[in-house]
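So the structure is just underneath, and the comments pick up after that.
The values are calculated or read from the model by the stated rules, or taken from the named source; none is laboratory data. Remember, it's a predicted structure, so these values are computed and weren't measured experimentally. Neighbour counts are summed over all protein chains in view; Cβ atoms, including those assigned to glycine, are modelled from backbone coordinates with ideal geometry.
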Amino acid sequence: MIQVGEQIPDVEVIMLGPDGSPMPVRTGSLLGAGRNILFSTPVPFSRGCSQVHLPGYVENAQKLAGGGVSRIACTAVRDPWVMDAFNKAHGSAEVMMIPDGEGDFARALGMEMPGEPGFGIGMISQRYALVTEGGIVTSVSVEDEPGIMQTSLCEAVMGRLQDTSWWKPI
């Protein structure tokens, strides 16, 4: 599992371009500059991800930007069309969706885990939140169990950011 002080992995993912066409992008270029928050939703559109996890980041996006966060990104082991629909369904334009269709990014982070048996979902990502600065991980919070949402919630991340020298609370 990725640790504080390590470089964010530079993995190719497929995102939708401005015209809606799939295009390859490197995670290192997405998360390698500035101060970023990356969080993972194990199953987009599930109750916890849709009603609790993503909304906190959407609601606090302006506060985070005012506090020095360059980018808020959400990832899941899903294709670019699912992630685009998840983004549109929740009005989360301030949150960049990073599809991880093959799970390569989750594996590179050491965050992969098996999906729930009987639901037709193979590998998923653990629920976590990372903070990076200049591509270096400065904070890692991984939930102990798939259905738990505590340390990876936006409010918890904001609380940890207040303990850093660069965060400018509003």
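Tabulated data for the structure shown
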{"item": "Tally of residues being of a type in the set (A, V, I, L, M, F, W, C) and modelled with pLDDT of 85 or more across segment 144-170", "result": "4"}
{"item": "Any hit, segment 54-72, residues being surrounded by 14 or more Cβ atoms within 10 Å (Cβ to Cβ), at pLDDT below 80, in a helix (DSSP H, G or I) and in contact with a strand residue (DSSP E or B) (Cβ under 7 Å, 6 or more places away or on another chain)", "result": "yes"}
{"item": "Every residue from segment 6-52 that is assigned to a loop (DSSP other than H, G, I, E, B) and at pLDDT 95 or above", "result": "GLU6, ILE8, PRO9, ASP10, VAL11"}
{"item": "Test result for GLY32, touching a Lys or Arg at 6+ places or on another chain (Cβ under 9 Å) and not aromatic (Phe, Trp, Tyr)", "result": "yes"}
{"item": "The lone exception for HIS90 - which of (1) modelled with pLDDT under 85; (2) touching a Leu at 6+ places or on another chain (Cβ under 8 Å); (3) surrounded by fewer than 15 Cβ atoms within 10 Å (Cβ to Cβ); (4) not aliphatic (A, V, I, L, M) it fails", "result": "(3)"}
{"item": "Among (1) of a type outside the set (S, T, N, Q); (2) modelled with pLDDT of 90 or more; (3) in contact with a helix residue (DSSP H, G or I) (Cβ under 8 Å, 6 or more places away or on another chain); (4) more than 22 Å from GLU12 (Cβ to Cβ) - the single one MET97 does not satisfy", "result": "(4)"}
{"item": "Residue list for segment 95-105, filter: in a loop (DSSP other than H, G, I, E, B) and either crowded, with 16+ Cβ neighbours inside 10 Å or basic (Lys, Arg) (or both)", "result": "ASP100, GLY101, GLY103"}
{"item": "Whichever residue in segment 24-43 is exposed (fewer than 15 other Cβ atoms within 10 Å of the Cβ) and of a type in the set (Gly, Ala, Ser) and, among such residues, is nearest to ALA61 (Cα to Cα)", "result": "GLY34"}
{"item": "Residue selected from segment 110-125 under the condition touching a Ser or Thr at 6+ places or on another chain (Cβ under 8 Å) and at pLDDT 85 or above, by the criterion nearest to PRO55 (Cα to Cα)", "result": "SER125"}
{"item": "Close pairs (7 angstrom Cβ cut-off, 6 or more residues apart or separate chains): under 22 Å from VAL137 (Cβ atoms) in segment 10-38, acidic (Asp, Glu) anywhere", "result": "VAL11/ASP104; VAL13/ASP100; ARG26/ASP10; ARG26/GLU12; THR27/ASP10; GLY28/ASP10; ARG35/GLU133"}
